[in-house]
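The values are calculated or read from the model by the stated rules, or taken from the named source; none is laboratory data. All figures in this text were calculated on a predicted structure; none of them were measured in a lab. Neighbour counts are summed over all protein chains in view; Cβ atoms, including those assigned to glycine, are modelled from backbone coordinates with ideal geometry. Keep in mind that these areas ignore ligands, DNA and RNA; they rest on the heavy atoms of the full protein, side chains included. Shrake-Rupley method; radii C 1.70, N 1.55, O 1.52, S 1.80 Å.
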Amino acid sequence: MNNDFKDIMQNRKSIRHYDSSVKISRDELLEIINESISAPSACNLQSWYFVIVDTPEGKEKLHNFLMPFNYPQVDTAPATIMVFGNTKSYLKYRDLWNGMVEEKKVTPEARDAAVNTFLPLYEKADRQMLVADAMVDASLVSMQLMLVAREHGYETNPMAGYDASKAAAEFGLDPEQYIPVMAISIGKPDPSEVVPDTVRYDVKDVTEFA
Ligand SMILES: Cc1cc2nc3c(=O)[nH]c(=O)nc-3n(C[C@H](O)[C@H](O)[C@H](O)COP(=O)(O)O)c2cc1C
């Protein structure tokens with residue numbers, strides 16, 4: 001395990017060829033996701049959903065909608081995690097707050113205040129807002145997932161090079177509800193992989209004070 005946050009963040013690089021002899025157990029993959037879902041989300045709606053692809057059948061499905069330049073990642077990685085935004089997460093919102101009341105984490109009055117303030121926003125929202133919110137939540141959890149993966153000693157590659165219209169249905173999910181946000185391959189790098197030293201624009205080019 002790596003607890004050096006600076007190293008975890010600064011030395012994260014997209015890895016496109018993995019050592020396919022290194023497997024990741026389903027327990028550990030679930031642990032990685034469990035650690036990642038501490039990410040913040042709008043109104044704590046947690047509008048994310050994961051499909052962990054770690055079987056040959058699942059990988060075949062990825063081939064049906066990923067662009068071919070992403071095949072090396074998914075073919076060599078022990079797992080690829082499809083991260084979806086869930087546009088109907090608000091339907092479970094009452095359950096979340098009821099659970100918090102049962103666990104005595106909030107009072108019934110605090111639950112009612114939160115639910116009555118936030119839930120109508122989503123019940124009345126148009127699709128564009130629901131999709132945008134879900135994509136932001138799922139993006140935040142994706143970043144967290146890539147950092148947690150490094151904490152566990154693995155590398156990743158976020159991928160959005162795919163036919164988004166096909167992703168949900170390929171895994172039997174309702175495409176209206178689940179919006180693909182990215183696929184994340186995860187594993188140990190192939191030792192012969194040459195990792196490009198990607199650069200960033202100068203901070204002053206992308207920032208201003210107001
Ligand atoms: C939303 C998103 C989509 C991306 N899609 C792909 C992709 O389809 N294939 C790929 O090889 N890399 C993809 N990348 C990785 C970027 O190319 C990479 O993050 C960028 O070049 C910076 O390199 P680094 O991650 O090594 O720092 C994607 C990254 C993001 C955030």
query: Tell me, which residue of the stretch 3-15 that is exposed (fewer than 12 other Cβ atoms within 10 Å of the Cβ) and not in a helix (DSSP H, G or I) is farthest from the ligand (Cβ to nearest atom)?
result: ASN3
Members of the stretch 99-112 found to be open to solvent by 60 Å² or more (accessible area, probe 1.4 Å) and in a helix (DSSP H, G or I), listed by number: GLU102, GLU109, ASP112
- request: Would you list the helices (runs of 4 or more DSSP H) that sit entirely within the stretch 16-96 and hold 2 or more residues that are among the aliphatic types (A, V, I, L, M)?
  value: 26-36
- request: Working carefully through the options ALA149, ALA164, ALA210, ALA168, find the one that is small (Gly, Ala, Ser) and within 12 Å of the ligand (Cβ to nearest atom).
  value: ALA164
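Could you say which residue among VAL136, VAL141 is closer than 27 Å to MET182 by Cα, open to solvent by 80 Å² or more (accessible area, probe 1.4 Å), within 16 Å of the ligand (Cβ to nearest atom) and in contact with a strand residue (DSSP E or B) (Cβ under 9 Å, 6 or more places away or on another chain)?
Answer to the check: VAL136.
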task: Taking only the stretch 21-55 into account, find how many residues are touching a residue at least 60 places away in the same chain (Cβ under 8 Å), open to solvent by 60 Å² or more (accessible area, probe 1.4 Å) and of a type in the set (Ser, Thr, Tyr).
output: 2
